[in-house]
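**Q** There's a structure below that I have some questions on.
Every read-out reported here was derived from the displayed coordinates using simple, explicitly stated rules and does not represent laboratory data. Treat the numbers as computed from the prediction; the structure is a model and nothing was measured. Reconstructed Cβ throughout: ideal geometry from the backbone, glycine too, with neighbour counts over all protein chains shown.
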C-alpha cells in the first residue's frame, strides 16, 4: 500500500469516527451500550443517551427544564413515537400555556423528520408531542425549541436517542 493511500484511509477513518451526531464529549463507561431484551442497541454503540425514563434536558441558561415522562411505544425507535413531556420553568415549577416546537433532527445526515410534531398543552405543565417520527435508524436529536426572548435564537433543550428498527 502506498503512503498516499494509507494517509487517505487514515483520514477517512478519523472522519467517520468523529461523525457521531453528538459533541466530542465521551459518554460515561456505564453508558457504553444498553441492549433491550429483544437485542436492540438503544445507544447506537454508546453514542446516544440510553432511553430510560424519566429523562430530563434543560435549556443552556436553565430557563426551562423538559422531562420526558412517558413514551408510546415504550422504546424510541423507527416510526412514530408519542411523548409526554413536563416543562418546568427556571423556578422549578410546572409551566403551562407555553408555545414551543419539538423538532426531530438527525445530525449525522443533516435532516429532519418527514412529519411535523404537534404539541398539545394538557395542563399543569404537561404536554403531549406526536408524532415524533424517526424515519431511519441512527441517532436522533429531539430538539425542544422555546421562542427566544428577543424573537431570535430559540432556547433549546435536546434529547439524543438512538432509533433502531422495531
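**Q** Which ordering of 83, 140, 105 is given by a fewest-first count of other beta-carbon atoms within 10 Å?
**A** Fewest to most other Cβ atoms nearby, the residues stand as 105, 83, 140.
**Q** How large is the convex hull of the C-alpha atoms of the range 23-163 per residue, in Å³?
**A** That works out to 120 Å³ per residue.
**Q** So, one more: I need 96, 160, 65 ordered by Cβ neighbour count within 10 Å, fewest first.
**A** 96, 65, 160
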